[in-house]
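What follows is a set of notes on a single structure, which appears directly below.
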Amino acid sequence: MSERSASCPALILLPGMPLDAALWDHQVRHLGGVAEPRVVELADCTTIAEMADKVLAQTPDRFAVAGLSMGGYVALEILRRAPERVERLALLDTNARPDTAEATATRREAVALARQGRYGQVIRAALPRLIHPERLSDDGFVRAVLAQMERVGIDGYAREQEAIINRMDSRPGLAAIRCPTLVICGRQDILTPPALHEEMADAIPGARLVLIEECGHLSAMEQPQAITALLRDWLLRD
């Protein structure tokens with residue numbers, strides 16, 4: 001299998017909530033030989049549909065898309081709106097289900113606290129559910145995650161939470177996906193555990209499922225070399 005050189009496909013990378021382009025830093029730096037990677041940030045949008053429209057308005061006619069967490073919800077919405085434009089799909093640490101009543105209540109409580117001036121407390125409290133336990137003592141890594149959340153800010157955080165609360169159930173459309181699909185999950189992902197990824201991979205024809213060891217929800221940052229290698233293979237695979 002040879003690396004593409006003449007016509008690299010566009011690779012759109014979609015971050016989770018409340019994260020920004022830094023989530024995909026390793027992939028952007030190391031996939032340039034096989035694709036043209038670009039991150040589309042989403043915190044200025046208020047619905048998943050608006051996020052999908054933003055991506056479609058900024059991308060070529062055909063592209064590959066990889067989305068992590070909320071980015072996966074957006075990728076699936078793109079597939080609903082313009083399946084003919086998506087050459088390849090990668091879903092990382094995400095799920096196809098709608099929000100549960102319990103999750104919605106937790107999100108609304110977090111937004112209320114953030115609006116009361118406790119945003120720093122809210123994002124720090126989320127870390128144990130976002131990253132592998134061993135990463136919690138890695139000060140540099142924790143700072144890098146929190147810096148993204150601080151850049152997104154309270155308003156962006158609130159918009160993205162509301163968009164996630166109102167997302168659609170994507171399960172009915174999974175069987176219609178026809179592009180090469182890669183499903184990735186951190187083995188220790190608490191927020192969207194492996195069973196939810198098995199559900200998606202089983203429903204999408206020909207999908208490949210990979211579990212990443214010693215990894216929580218933020219796989220693109222937690223195990224960047226492994227994710228980049230998987231995406232490289234996915235981009236080159238016929």
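The values are calculated or read from the model by the stated rules, or taken from the named source; none is laboratory data. This one's a predicted model, so the numbers in the text were calculated from it and none came from an experiment. Virtual Cβ from ideal backbone geometry, glycine too; neighbours counted across all protein chains shown.
Here are a few things to note about the model shown:
- Counting only helices (runs of 4 or more DSSP H) that sit wholly inside the stretch 1-108, those with at least 1 residues that are aromatic (Phe, Trp, Tyr) are 70-81.
- Conditions (1) within 14 Å of the chain's Cα centre (by Cα); (2) crowded, with 16+ Cβ neighbours inside 10 Å; (3) under 25 Å from residue 151 (Cβ atoms); number of the one not met by residue 96: (3)
- Screening residue 160 against (1) farther than 24 Å from residue 124 by Cα; (2) within 15 Å of the chain's Cα centre (by Cα); (3) crowded, with 22+ Cβ neighbours inside 10 Å leaves a single unmet condition, (1).
- If you go through the stretch 1-32 and keep only what is of a type in the set (Lys, Arg) and at pLDDT 95 or above, you end up with just 29.
- In this structure, residue 62 qualifies as surrounded by fewer than 16 Cβ atoms within 10 Å (Cβ to Cβ), of a type in the set (Lys, Arg) and in contact (Cβ under 8 Å) with a residue 12 or more places away in the chain.
- Pair list, Cβ under 6 Å, 6 or more apart: the stretch 9-26 residue closer than 13 Å to residue 67 by Cα and in contact (Cβ under 8 Å) with a residue 24 or more places away in the chain, other residue in a strand (DSSP E or B) and small (Gly, Ala, Ser): 11/64; 13/66; 14/67
- Residue check, residue 84 closer than 18 Å to residue 179 by Cα and loosely packed, with under 14 Cβ neighbours inside 10 Å: yes
- The listed residue being modelled with pLDDT of 95 or more and over 24 Å from residue 40 (Cβ atoms), out of 131, 212, 190, 165: 190
- Among the residues of the stretch 33-44, at least one is modelled with pLDDT under 95 and either of a type in the set (Lys, Arg) or surrounded by fewer than 16 Cβ atoms within 10 Å (Cβ to Cβ) (or both).
- Close pairs (8 angstrom Cβ cut-off, 6 or more residues apart or separate chains): basic (Lys, Arg) in the stretch 119-142, assigned to a helix (DSSP H, G or I) anywhere: 124/146; 135/141; 135/142; 135/222
- Meets criteria (surrounded by fewer than 18 Cβ atoms within 10 Å (Cβ to Cβ) and farther than 12 Å from residue 160 by Cα) for residue 21: yes
- In the stretch 83-94, the residues that are modelled with pLDDT of 95 or more form Cβ pairs under 6 Å with partners that are surrounded by 20 or more Cβ atoms within 10 Å (Cβ to Cβ) and assigned to a loop (DSSP other than H, G, I, E, B), at six or more places apart or across chains, as follows: 93/69; 93/189; 93/192; 93/217; 94/69; 94/192.
- Subset tally (residues that are touching a residue at least 24 places away in the same chain (Cβ under 8 Å) and surrounded by fewer than 16 Cβ atoms within 10 Å (Cβ to Cβ)) for the stretch 167-198: 7
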